[in-house]
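Each remark here refers to the structure printed beneath this line.
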Amino acid sequence: METLIMVGQLLLGLSILVGLHELGHLLTAKMFGMRVEKFSIGFPPKIAGFQWGETEYSIGAIPLGGFVKISGMVDESMDTEQMSSEPQPWEFRSKPAWQRLIVMLGGIIVNVVTGIIIFVVLVYQNGETFYSRDQVIQNGIVAYEYGEAIGFKTGDKVLDINGEPYQGINDLTSGSALLSENGYYTVDRNGEQIKIDIPRGFINTFNSEESFSKFVQIRFPFEVGAVDKGSGAESAGIKPGDKILAVNNQPIEYFDEMQSALQPLVGKTAQVVRKNETGIDTLAIAVTDEARIGIAVQTLIEPTRRQYGFGEAISKGTSRAFGVVIVNARALGKMFTGEVSAKNVSGPVGMAKIYGSTWDWVKFWSITGLISMILAFMNLLPIPALDGGHVVFLLYEMVSGRTPSDKFLENAQKVGMVILLALMVFAIGNDILKLFS
C-alpha cells in the first residue's frame, strides 16, 4: 500500500504539471493561429483519447512526460515528410520568430506561474511553523553524526550562516547555505564564538530524507507525554506531565541529556528523580536494551508560527518559488565542477520517495510546486529537443536574421533526444543503485 501511495502521488503530480506545461504550448499556438494536431499527457502507446476540432487529445501509457504536436514544427515526432512540403499559413514555421518564441516559452511560463500559485496558496493558508533563530540560541542544538563530523558539538548556539542571521533551524540545511562558496556557521560555545566551515561537497551528505535527522536539531526541555504499557516507567508510577530532573545524580534539563544518561545503564536500574504535582521523589526504573525507560516525551518549547496576509503571501510564495530555481541552478553549476555529485540526480523512483508513503495534501502540493519550478528550469536548458534548445535557435534567428535549415533542426533534435535518453537512463540507474545501497 505504501508503494501504491508513493506511485499514485508521483503520477498525479506529474500528470498535473505535464498537462499544464503542454497546455501552455497548445494555448499559445492556437492564439497565433497554428494548427495543433495532437495533445498528449504521457507517451505512446495511447490508452485513451478523443478528437475535438483539429486536435486529438490523448493519454499515453508511459506517464513520464507528454507532448504537443504543432503542424510545421521539427519535434520529437521527426515528421520529415510534412517539412518537405510547402509551408502553410497555419504552420509553426510560417509564423514570425517572436510568435514561435512565445509558443516555445508557453509551457515554461505556465509551470513557473503554477509553482508560484502553489507556494503563494500554501503560505497564505498554512503560514510557517519553525524553531526560530532566537529559540536555537536560547536552547542550543543537539549535534548528531553529520554535525559532529564538521565540528558541531551538542550545546552549541548557532548565531549566523555566512555572517548573516537566519530565520529558523531548517535554514542550516537549506540549499543556499550548503551551496554557498566558502560557507560557514558561527556558533557560541560556552561564551566563545567559533567558526565552523561548511566542507566543499557537504551537500552530497544530504541525499535522503533520513540524512537530515543525522545533522543537528534544536535542544528541547521536556516532560513525560505518554507512558508505555508494561514498561518500567509505568511500574514505577511515572505519569504524563511528570518531569525528569536527574538520572543517577546527573541533572537533566534537555531530552538529549536523558538519552545520554540512560545509554550506559542498558539492562540496569536507573535512579530517576521525578517531579510531579505532589512534589519530588526518586524512582528505581529498569532500563531496556534500547536505553529506554518506556516513556514518550512532550517538548516544552512551542515552535514559532507565522501567518501571512495575502499580499505578504504573494511576496513570500514568489520568493520561495524562485529560490528553488536559484538553488537548482547553483547545484547544476557545481555538478560540472564535481563539487555536487551526479549521484544526486534522481529518476521516477527517487521522486516517488520524495512524495513519501503517506498522503499528506500539504506535502503533496509543496513537492508538486517544487517540481513545477524545477521542470520549468530544466526545460529552459539549451539542450536540443527541450524548449530551451528551440529558444536558442529562435533567438539566433531573431538576432542574425537567418533561419536554421530544417536539416540542421532535424539533426539537432536527434542529438537532443539522445542526450535526454542518456540522462533518463542515468537517473533511473541512480535510483536502482540507491535501492540496493
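The values are calculated or read from the model by the stated rules, or taken from the named source; none is laboratory data. As the structure is a prediction and not an experimental result, all values here were calculated from the model. No Cβ is skipped: glycine too gets one built from the backbone with ideal geometry, and neighbour counts run over all protein chains shown. Just the protein is used for accessible areas: all its heavy atoms, side chains included, with ligands, DNA and RNA removed. Shrake-Rupley method; radii C 1.70, N 1.55, O 1.52, S 1.80 Å.
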In segment 340-371, which residues are part of a loop (DSSP other than H, G, I, E, B) and closer than 24 Å to VAL425 by Cβ? VAL340, SER341, VAL345, SER346, GLY347
Inspect all residues belonging to segment 198-211 and state whether any of them is open to solvent by 70 Å² or more (accessible area, probe 1.4 Å), under 30 Å from LYS275 (Cβ atoms) and assigned to a helix (DSSP H, G or I). no
Looking only at segment 254-272, count every residue that is open to solvent by 40 Å² or more (accessible area, probe 1.4 Å) and within 23 Å of ILE301 (Cβ to Cβ) and tell me the total. 4
Residue identified as open to solvent by 40 Å² or more (accessible area, probe 1.4 Å), in contact with a Lys or Arg (Cβ under 8 Å, 6 or more places away or on another chain) and not basic (Lys, Arg) among LEU300, LEU245: LEU245
Let me spell it out: the conditions are (1) under 23 Å from GLY388 (Cα atoms); (2) modelled with pLDDT of 90 or more; (3) open to solvent by 50 Å² or more (accessible area, probe 1.4 Å); (4) assigned to a loop (DSSP other than H, G, I, E, B), and ILE109 meets all of them except one. Which number is the exception? (4)
Out of PRO240, PRO251, sole residue that is at pLDDT 95 or above, over 30 Å from TYR355 (Cα atoms), in contact with a helix residue (DSSP H, G or I) (Cβ under 9 Å, 6 or more places away or on another chain) and surrounded by fewer than 20 Cβ atoms within 10 Å (Cβ to Cβ): PRO251
Between LEU394, LEU370, LEU409, which is in contact (Cβ under 8 Å) with a residue 24 or more places away in the chain, in contact with a Lys or Arg (Cβ under 6 Å, 6 or more places away or on another chain) and either loosely packed, with under 14 Cβ neighbours inside 10 Å or of a type outside the set (D, E, K, R) (or both)? LEU394
Every residue from segment 217-237 that is open to solvent by 20 Å² or more (accessible area, probe 1.4 Å) and either touching a helix residue (DSSP H, G or I) at 6+ places or on another chain (Cβ under 6 Å) or among the hydrophobic types (A, V, I, L, M, F, W, C) (or both): ARG219, PHE220, ALA226, VAL227, ALA236
Being over 23 Å from PHE377 (Cβ atoms) and surrounded by 15 or more Cβ atoms within 10 Å (Cβ to Cβ) is true for just one of GLU56, GLU22. Which residue is that? GLU56
Positions within segment 310-336 being open to solvent by 60 Å² or more (accessible area, probe 1.4 Å) and under 18 Å from ASN207 (Cβ atoms), in sequence order: ARG330
Taking LEU159 as meeting all but one of (1) touching an Asp or Glu at 6+ places or on another chain (Cβ under 7 Å); (2) in contact (Cβ under 8 Å) with a residue 40 or more places away in the chain, write down the number of the exception. (2)
Within segment 273-295, does at least one residue satisfy the condition of being closer than 20 Å to ASN248 by Cβ, of a type in the set (Val, Ile, Thr), free of Cβ contacts under 8 Å to residues at least 40 places away in the same chain and surrounded by 16 or more Cβ atoms within 10 Å (Cβ to Cβ)? yes
Yes or no: SER357 at pLDDT below 90, of a type in the set (S, T, N, Q) and either under 27 Å from ILE198 (Cα atoms) or surrounded by fewer than 20 Cβ atoms within 10 Å (Cβ to Cβ) (or both)? yes
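Let's see how each residue does on (1) closer than 21 Å to PRO221 by Cα; (2) modelled with pLDDT of 95 or more:
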position: GLY267; (1), (2): no, no
position: VAL272; (1), (2): yes, yes
position: GLU277; (1), (2): yes, no
position: ILE280; (1), (2): yes, yes
position: ALA284; (1), (2): no, yes
position: ILE293; (1), (2): yes, yes
position: THR304; (1), (2): yes, no
position: ALA313; (1), (2): no, yes
Take segment 155-171 and flag every residue that is out of contact with any Gly (no Cβ under 9 Å at 6 or more places or on another chain) and within 16 Å of PHE130 (Cβ to Cβ). PRO165, TYR166, GLN167, GLY168, ILE169, ASN170, ASP171
Just the residues that are in a strand (DSSP E or B) and more than 27 Å from GLN135 (Cα to Cα), please, taken from segment 245-272. THR269, ALA270, GLN271, VAL272
For GLY350, are the conditions met, namely being closer than 21 Å to GLY201 by Cβ, touching an Asp or Glu at 6+ places or on another chain (Cβ under 9 Å) and either open to solvent by less than 50 Å² (accessible area, probe 1.4 Å) or at pLDDT 85 or above (or both)? yes
Being part of a loop (DSSP other than H, G, I, E, B) and within 23 Å of PHE32 (Cβ to Cβ) is the filter; apply it to segment 60-80 and report the residue that is modelled with the highest pLDDT. SER71
Only one of ASP387, ASP431 is of a type outside the set (A, V, I, L, M, F, W, C), closer than 28 Å to ILE5 by Cβ and open to solvent by less than 60 Å² (accessible area, probe 1.4 Å), namely ASP431
Criterion first (farther than 20 Å from ALA149 by Cβ, among the basic types (Lys, Arg) and open to solvent by 40 Å² or more (accessible area, probe 1.4 Å)) does LYS214 satisfy it? no
